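I have a structure here, written as structure tokens, and I will follow up with some questions on it.
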Amino acid sequence: MKKQKPDNLRGFNPFNQLPQEIIFTILDLLNSNPLDIKSFSLACKSFYAAESKHRTSLKPLRQEHLPSILSRYPNIGHLHLTRCSRVSDTCLSFVSHACASSLRSIDLSRTHLFSASGLLGLALNCNNLVEIDLSNATELKDSAMAAVSQAKNLEKLWLARCKSVTDLGVGCVAVGCRKLKSICLKWCLGVGDLGVGLLAVKCNHICYLDLSYLPITSKCLSPILKLQHLEELVLEGCFGIDDDSLAVLKHGCNSLKSLDVSSCQNISHNGLSSLVSGAVGLQQLTLAHGSPVTSSLADSLKKFSMLQSVKVDGCLISYDGLKTIGNWCASLRELSLSKCSGVTDEGLSSIVTKHKDLRKLDITCCRKITDVSISCITNSCNSLTSLRMESCTLVSREAFVLIGQRCHLLEELDLTDNEIDDKGLKYISRCSQLTNLKLGICLNITDEGLIHIGRGCSKLLELDLYRSVEITDSGIIAIAQGCPGLEMINIAYCKDITDHSLLSLSKCSRLKTLESRGCSLITSLGLTAVAVGCKELTKLDVKKCPNIDDAGMLPLAHFSQNLRQVCYSVLFSELCFHCHKSD
């Protein structure tokens, strides 16, 4: 017979005695997994109520759910509407009243349908609003910017690709939002010198300014560089900026720490030399896809004693240029030479032997380097945390052993399209801090190498095996068992993969991205296991998997509530939801 509770304990819930501060602390520790939070809130009424008060960030799937959701969560400070393809003015009006006192940021960067009217309600009612993201809202015009200008406490505004906005709209923002600290105008082709100049004159607190691909000239640079708090300036693709434009830097911009002049073909060493006297505190410089990196250009930058990061991706670079970089007094922490023609063993070695504190090195597609460079890199820069060397085709398989022997702090390693084999992977498995490993189109690796990775790299979060065709189920099973925190795996076109691999991956509960295109042996059974076990799955690619049918897709609808993108084939057609059609 069931034992009855004493009368004085009936209806008693010990959890109700917990202080709210303790419950909030528990919820803070559960924040990394939304499913854990959901389970916690359903444990009892007091937990349900506490979770409602604790949540401050929300990413709803549909706008029609907002009224009920916001009534449950009264303290939402950060609202991300990027999963709602359409958000009406009526919806924004409801948000502006429901979150009037709590809302601090709203992301509308992937939504449409709203207009100036909806934005005006947000600006007027949400007095604590400090951040708005309107990127990709190509239909918004200056009237929308006039509405935004009513948000008097706004500090961050993102307008990338708002191509209908002009100087008039930006001028309204400049006059109304005097507290702006960060603004992005990338690809706002209707904005020129007048609008940017007004921002610089009216918004004195700006510290981040992205003007990429704007039709601006030197006229607006002078007021920009007078901004006393400006730390990061992005001028990528501003073809109207040339050496004469940068001359205004001589008058000083001591606060500037990061400058991006990528794809500015009209800037040479003459213009960059102006930086020396003006931006003495510069720490990061990006010159990608610009003028050739000669000894003159490199020499013009050698006096930057605080420079830590240099990116010259896609530039023609000479040996003398590389040697001059090696002789800089600054101790570089990051160097990117991706797709730079002219990088040789001799030039690269002259850099790494001098800059031994490098943490990040990108030599992607530097096709002239050999084992000599890898030996110098691993011998001199054994504190590397990131090494990207895709398609370094002259590097032999023996050189990859050196990476594992000497660079134990690596967290990111890109070896796509290289000659690495299982022996190399055995040594790389010593890099126990690895979280991101790319082995796409590595035709010499087999399950034996992956077994070593699974045993040694338990922190692995992302693994790319695209078209590494010798990999079979045994290797994937070893990864799934050894790397339980795996979040992304690409096994596309690994022809021998079967359902056994998917069954093992279904145990990786944090898996968010699975790309298995062209794995013709997997079936609906394996996909069902993934749907049931990987409830955080957001991206799935099963194109050209002929044995997956409705029986495999239906469980996704039931279990994969976070799924954002699905690519699959139907007869002779290929479908991709929430993305552009690709290979």
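Compute the Rg to Rh ratio over region 308-450 from the alpha carbon atoms, using the Kirkwood formula for Rh, and round to two decimal places.
0.95
Could I ask something else about it? Just the number please: accessible area per residue for the chain, 1.4 Å probe, all protein chains included, in Å².
Per-residue value: 44 Å².
Using a simple spin-label model with points 7 Å from Cα along the Cα→Cβ vector, what separation in nm is obtained for Arg62 and Gln561?
Distance between label points: 1.4 nm.
Now for a separate question. If each residue of separation counts as 0.36 nm, what is the full-extension length gain between Gln265 and Ser164 once their alpha-carbon separation is subtracted?
33.7 nm is the gain from fully extending Gln265 to Ser164.
Which whole-percent values make up P(r) of the chain when all C-alpha to C-alpha distances are grouped in 10 Å steps starting at zero?
Result returned by the calculation: 3, 15, 18, 23, 24, 13, 2, 1, 0, 0.
Of all accessible surface on the chain at a 1.4 Å probe, what whole percent is carbon and sulfur?
52 percent
Still on this structure, please answer the following. Given R₀ = 56 Å, what would the calculated FRET efficiency be for Asn153 paired with Lys495, taking r from the Cβ atoms and rounding to 0.05?
After rounding to 0.05, the efficiency reads 0.45.
Separation between the Arg510 and Asp549 pseudo-spin-labels, each 7 Å from Cα along Cα→Cβ, expressed in nm?
Inter-label distance under the simple model: 3.7 nm.
Over 21 Å between Cα atoms, which of Lys303/Lys323; Lys219/Lys303; Lys156/Lys360; Lys186/Lys360; Lys219/Lys311; Lys302/Lys354 qualify?
Result: Lys219/Lys303; Lys156/Lys360; Lys186/Lys360; Lys219/Lys311 exceed 21 Å.
Could you let me know the centre-to-centre spacing of region 163-203 and region 50-127, using Cα atoms, in angstrom?
25 Å
Set the Förster distance to 30 Å, then compute FRET efficiency between Asn379 and His289 from the Cβ-Cβ distance, nearest 0.05.
The value I calculate is 0.45.
Let me ask you something else. Using DSSP, restrict attention to beta bridges with both residues in the chain and report what percent are antiparallel, rounded to the nearest 5.
5 percent
Any idea what log10 I(q)/I(0) is at q = 0.26, 0.28 Å⁻¹ for region 199-245, Debye with uniform C-alpha scatterers and no solvent?
These q points yield log10 I(q)/I(0) values of -1.01, -1.13.
A further question follows. In nanometres, what is the gap between the two model label sites at Lys179 and Ser305, each 7 Å from Cα along Cα-to-Cβ?
Result for the modelled spin labels: 3.8 nm.
Next question. When the Kirkwood hydrodynamic radius is evaluated over all pairs of different C-alpha atoms of region 234-383, what value in angstrom, to one decimal, is obtained?
Result for region 234-383, one decimal place: 15.2 Å.
The values are calculated or read from the model by the stated rules, or taken from the named source; none is laboratory data. A quick note: this is a predicted structure, and the numbers were derived from the prediction, not measured. Because the Cβ atoms are built from the backbone with ideal geometry, glycine has one as well, and the counts that use them run over all protein chains shown. Surface areas here come from the heavy atoms of the whole protein model, side chains and all, with no ligands, DNA or RNA. Shrake-Rupley method; radii C 1.70, N 1.55, O 1.52, S 1.80 Å.
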